[in-house]
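Here the structure comes first, spelled out in structure tokens, and everything after it is commentary.
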Amino acid sequence: MSSDRENIQETLQKLRDLIRFHEFLYYVEDKPEISDAEYDAIMAQLKNIESNFSWAITNDSPTQRVGGKRSERFPPFTHQVPLLSLSNVFTSSELVNWQGRVEKLAGTNSVNYYCELKYDGVAVALTYQDGVLVSGATRGDGVQGEDITSNLRTIKSIPLKLVGDSFPSRFDVRGEVIFPKDKFQALNEQRIVNGEQPYANPRNTAAGSLRQLDPAVVASRPLDIFIYGVGAYQGEIPGTQEKVLEWLSTLGFKVNPNNKLANNLDQVEKYFNEWVDVHQQLNYACDGVVVKVNNIELRDIIGSLGREPRWATAYKFPSQTAVTRLIDIGVNVGRTGVLTPYAQLEPVNLTGVTIKSATLHNEDYITDNDIRIGDLVSITRAGDVIPRVVGPIVEVRTGKEVPFKMPDNCPSCDNPIVRNNNESAHRCSNASCPSMGNHLLRHFVSRAAMDIDGLGENLIAQFTKEGLVENIADFYSLTLEKLLSLERMQQKSANNILNSINRSRERPFEAVLYSLGIRHVGLETARVLASKFNSFDMLRAATLELLLEVPGVGEVIAKAILDWFAEDDNLEILNRLQLSGLTLSKLPIDPIREQLKGNKFAITGSIESMNRAELEDRIRNLGGVIAKNVTSSVDYLIQGDKPGSKLSKAEELSITVITEEQIIEMLSDSR
């Protein structure tokens, strides 16, 4: 075991050093050597190991950095509408599943799509005031980027002044800056002639160019751009993605001529297949197809999840493969007790990244593909990011290869492993398994769950080590005396933690439901369940048939809920949480509260009296609906300090605008 721990620590140190090295090249030297996808693959390996070995996490780990790092050499720029990243699908079946989720959220199967090539470039936002370019910024972490206006002004395909006058008074467009392949090749040939090191690839060179301090250097680089959408805006825009891009083209923006409307998924597949084999002939890097819901207003109904829009996805082209030796197969234990096997590989370079481990999904995947320890295996990086073992090269077997068998006992706690009928997953049978417990404890205190500030991973690990916290209910048994018994714990910090724990008792029913870590029950599912079942007692009494009537709840989720309530340990924890004063039922909507039921609210600007998540929760608890954008279906726009473009949009649509004080009064009147 000591040897295993040392090996893990050695691997972690190598990953962290490698990430820091490439962060230095990218953020400080402006000489990146790998692409964003390759960087993400390294980071994903580090996160995967840290998520399964809590003791391995250190404060200086690159995973502990919040958001992306912004260079101090450029001023910050806050995007009024977040510049979202995309989810990925890699197969036809995954695309069909994505479509199913879209149609369910949209409430209709009459959805058409717009297909665009996915450029491997640098995402930027451009802001125009009265038709004149006034600012330009990088994506950054999606919310805050870097103001690189002077550099973007040098790109000749970016209009400094728009054509005509059919545009909003102020609006943002989003685009992708690219370095054309032929001009990139010519640049490298010249660098070689000059005795200089050639650049790695067009995407990294474009990113490095945009981060130059001298705009003259940027102007010397033949950068180009394709515009693909609109961010914040004041006024009106066309109602579909197709019409938006046609309109933007008339204003002088460069729009890719290969974009295409698809009336159904078959046409999406046809578009994908048209480009999958010929995209490398394009004069710019391209790694897939972006599929978007065409109707703009429908997107607001479908919404986003975290930093990813649910109404769009990237359908990635097949990735390259490599061959290496499968040294061994390890097993990780996740938050819900699921055992996930992973491949330990002889290091191999794949698209610029050294791969040492890869996912194997589950035992069935290993068995069905006849993958054995000692095999030479083919590996790929799904979407050029996540390493995955495709299968063995059977022809070169020596006979010494060993078939894999899932362990009978949990590698974390040594309790028996169980597998339910009709499930591919193996699970630890011990509800108090340390691996499960540490994951669940961190999940329980997270912002979307119980929102307990001050309880980071290191402190939680200290709690468990000292025996102060064994399960989630133990947080409410913490006292000042217990906290002060911890090494380096100061009274002020201890009081802050206790105050935060005390505030969490006011978290709404759906947050408590989400915090329990029931398999497959995410935040949105918890909200839907809370709207159907008003208490844990009602949810516990629900039958399989009743659960299946809930929108978005299928058989897998329903069975997971039933299984959770069948565990005596879980019921005991629920009882302790109730005695601790947590909200285990949804506040009923009485006639006085009917004024919020069914009304849709949007929010603009900063809210002073509470954080935005708390305000949204209180509105939902009173029957209201939260909209992320302002459309004709919104009933009220809540105006906070320094409102954004939503205010102008609301005024144009004659939507009632209320102040923070007015919404607080409405909430108070509804008590």
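The values are calculated or read from the model by the stated rules, or taken from the named source; none is laboratory data. Only a predicted model underlies this, so the values are computations on that prediction, with no experimental measurement involved. Virtual Cβ from ideal backbone geometry, glycine too; neighbours counted across all protein chains shown.
Observations on the model:
- Selection status of VAL218, crowded, with 19+ Cβ neighbours inside 10 Å and either more than 30 Å from SER654 (Cβ to Cβ) or among the hydroxyl-bearing types (Ser, Thr, Tyr) (or both): yes
- Number of the exception - LYS161 against (1) of a type in the set (Lys, Arg); (2) surrounded by fewer than 17 Cβ atoms within 10 Å (Cβ to Cβ); (3) more than 21 Å from GLN234 (Cβ to Cβ): (3)
- For THR336, the test of being outside the structural domain of PHE90 (by TED's automatic domain parsing), of a type outside the set (A, V, I, L, M, F, W, C) and not in a strand (DSSP E or B) is passed.
- Condition met for LEU547 (buried (at least 18 other Cβ atoms within 10 Å of the Cβ), of a type in the set (A, V, I, L, M), outside the structural domain of LEU615 (by TED's automatic domain parsing) and under 30 Å from THR479 (Cβ atoms)): no
- Helices (runs of 4 or more DSSP H) (entirely within the stretch 512-608) containing at least 3 residues that are touching a Pro at 6+ places or on another chain (Cβ under 9 Å) and of a type outside the set (Asp, Glu): 523-532
- Unique match (being under 19 Å from the mean Cα position of the chain (by Cα), in the same structural domain as LYS260 (by TED's automatic domain parsing), of a type in the set (Ser, Thr, Tyr) and crowded, with 18+ Cβ neighbours inside 10 Å) among THR127, THR138: THR138
- Test: residue in the stretch 484-493 that is crowded, with 17+ Cβ neighbours inside 10 Å and in a helix (DSSP H, G or I): no
- Of everything listed in (1) within 24 Å of ALA232 (Cα to Cα); (2) within 28 Å of the chain's Cα centre (by Cα); (3) modelled with pLDDT of 80 or more, the single unmet condition for ILE619 is (1).
- Residue count for the stretch 133-154, restricted to those that are at pLDDT below 90, more than 16 Å from PRO75 (Cβ to Cβ) and in contact with a Leu (Cβ under 7 Å, 6 or more places away or on another chain): 1
- Checking each residue in the stretch 430-449 for being within 24 Å of SER61 (Cβ to Cβ) and part of a loop (DSSP other than H, G, I, E, B) picks out CYS433, SER446, ARG447, ALA448, ALA449.
- Test: residue in the stretch 445-460 that is more than 21 Å from LEU577 (Cβ to Cβ) and in contact (Cβ under 8 Å) with a residue 24 or more places away in the chain: yes
- Residue in the stretch 584-597 that is modelled with pLDDT of 90 or more and of a type in the set (D, E, K, R) present: no
- First in the stretch 502-515 and surrounded by 24 or more Cβ atoms within 10 Å (Cβ to Cβ), second anywhere and aromatic (Phe, Trp, Tyr), Cβ under 7 Å, 6 or more apart: SER515/PHE444
- Residue satisfying all of: in the stretch 369-393; modelled with pLDDT under 90 and charged (D, E, K, R); surrounded by the most Cβ atoms within 10 Å (Cβ to Cβ) among these: ASP384
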